[in-house]
Amino acid sequence: MTRTMKGIAFAIAEAIDQEMAERPDIVVLGEDVTYWGAVFGFTLGLYQKYGRDRVIDTPITEQTFFGMAAGAASVGMHPVVSLMFVDFLGAGFDQMYNHIAKNHYMSGGQFAMPVTILTAIGGGYGDAAQHSQVLYGLFAHVPGFKVVVPATAYDAKGLTISALRDPNPVVIFGHKLLTGLPFLPFEGQEEEVPEERYTIEFGKAAVRREGSDLTMIAAGLMVHRCLRAAEELSRDGISAEVIDLRTLVPLDSETLVASARKTGRVLIVDEDYQSYGMTGEVAFRVQAGAFDALKAPIRRLAVPDVPIPFSEPLESAVIPSVERIANEAKALLAAGTRA
């Protein structure tokens, strides 16, 4: 059976609930994971059902509770850890990057690290420079992490269950404007989500809209803005294909290259910083596999290398909007065919 679900937060919480019901090895820990549901809803309802022995509020010390997660994983448990805002990663940097990501390798395979990290990303609602970043490129850069960025409730549930069944550390990045919580703007869509458990394979991108004139590649919130831009472009007779990466690690290069070869033009849209980020890696993968088919240089639209402003006009100026995406697409189509 299916039912209508609004937002990725409820889907992620349901996925954890259904796995916890079957697996006593799963525990949840982090700041405000009990009554507040990790603030952005990813653990809503779990404390009321499983109690404080399995859903544990921790002190405000990321280094401590990520260290707890590493230790718990090494003795056979599967901790689900809330990093409330991705911006706080620095407070637990050593435990995440040097232990959770590496201990399986450093132990010669003796210790698995089945840790699922939940974190909220993105701006668009005036939370300023220390609470509005995306930063998944930092995690994708470090060997050991799998990086998941759901754009829909259906994907959020299936990808979370896949993460909970994976023996490796997986980081799930949930955009705040896709959570569906009443105190935040919502830019996603309500959709039908199966009540039963299901998985979605990592490393399989989704073609959200078929097109023939250009390819737009994005993740998370930017998938929805690309879809809206594609709808606007269609009124001008422009056919845009939109690809949702779903996971950055592993990355589905095959689907990206196939689309690029089909349309001949590629625009990569991202809410992370542009330099040394996802857009550069995806651009390289695409041109390496489709260089001879490209009709124009790849274009990318991302956040310039500045802190996210608190000021609403300035924040809107740096985060890619539907209008800017459509304008970039038009500029790409106006570019001359590559000689």
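The values are calculated or read from the model by the stated rules, or taken from the named source; none is laboratory data. This is a predicted model, so every value here is computed, not measured. Counting neighbours? That spans all protein chains shown, and the Cβs are built from the backbone with ideal geometry, glycine included. Quick note on the areas: whole protein, heavy atoms, side chains included, nothing else; ligands and nucleic acids left out. Shrake-Rupley method; radii C 1.70, N 1.55, O 1.52, S 1.80 Å.
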Dimensionless Rg/Rh of region 55-178 - Kirkwood Rh, Rg from C-alpha atoms: 0.96
Computed label-point distance, nm, for sites Met106 and Ser239 using a 7 Å Cα→Cβ extension: 5.3 nm
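If I take R0 = 25 Å and measure r between the Cβ atoms of Ala129 and Glu232 in this structure, what FRET efficiency does the formula 1/(1 + (r/R0)^6) give, to the nearest 0.05?
Numbers: r = 30 Å, r/R0 = 1.21.
With R0 = 25 Å, the Cβ-Cβ based efficiency is 0.25.
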Computed over region 1-74, Kirkwood Rh from alpha-carbon pairs, angstrom: 12.9 Å
Sulfur and carbon atoms: percent of accessible area, the chain [1.4 Å]: 55 percent
Geometric extent, Cα atoms of region 203-264 - Rg, Dmax (angstrom): 11.1, 35
Stokes-Einstein D for region 166-282, Kirkwood Rh over Cα pairs, 20 °C, 1.002 mPa s (µm²/s): 138 µm²/s
Coarse-grained scattering of region 244-339 at q = 0.11, 0.15 Å⁻¹, given as base-10 log I(q)/I(0) from a Debye sum over alpha-carbon atoms: -0.35, -0.63
Net charge contributed by nearby residues that have their C-beta within less than 10 Å of Leu29 (K/R +1, D/E -1): -1
The chain, relative contact order [Cα under 8 Å, separation at least 6], %: 17 percent
Cα pair distances in region 234-300, grouped into 5 Å bins until the bin that holds the longest one, percent each: 3, 16, 29, 26, 17, 7, 2, 0
Amide H within-cut-off set for Lys146, under 5 Å, with H built and near neighbours excluded: Val170, Val171
Calculated FRET efficiency for the pair Phe284/Glu312, C-beta based, R₀ 30 Å, to 0.05: 0.30
Label-zone membership for region 104-140, site Ser321, 7 angstrom Cα→C-beta point, backbone N under 13 Å: 124
Probe 1.4 Å, all protein chains present, accessible-area order of Phe88, Phe139, largest first: Phe88, Phe139
GNM result for the chain, Cα springs below 10 Å: residue of Tyr136, Tyr276, Tyr47 fluctuating most strongly: Tyr276
Per residue accessible area of the chain, 1.4 Å probe, in Å²: 40 Å²
Phi-based couplings in Hz for region 2-10 (Karplus 6.51, -1.76, 1.60; Gly and Pro marked x): 10, 8, 6, 10, 10, x, 6, 4, 5
Contour excess over end-to-end distance, with Cα ends at Thr199 and Thr4 and 0.36 nm allotted per residue: 68.4 nm
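At 0.36 nm per residue, minus the direct Cα-Cα distance, what do Arg52 and Lys330 gain on full extension? Give it in nm, one decimal, please.
94.7 nm
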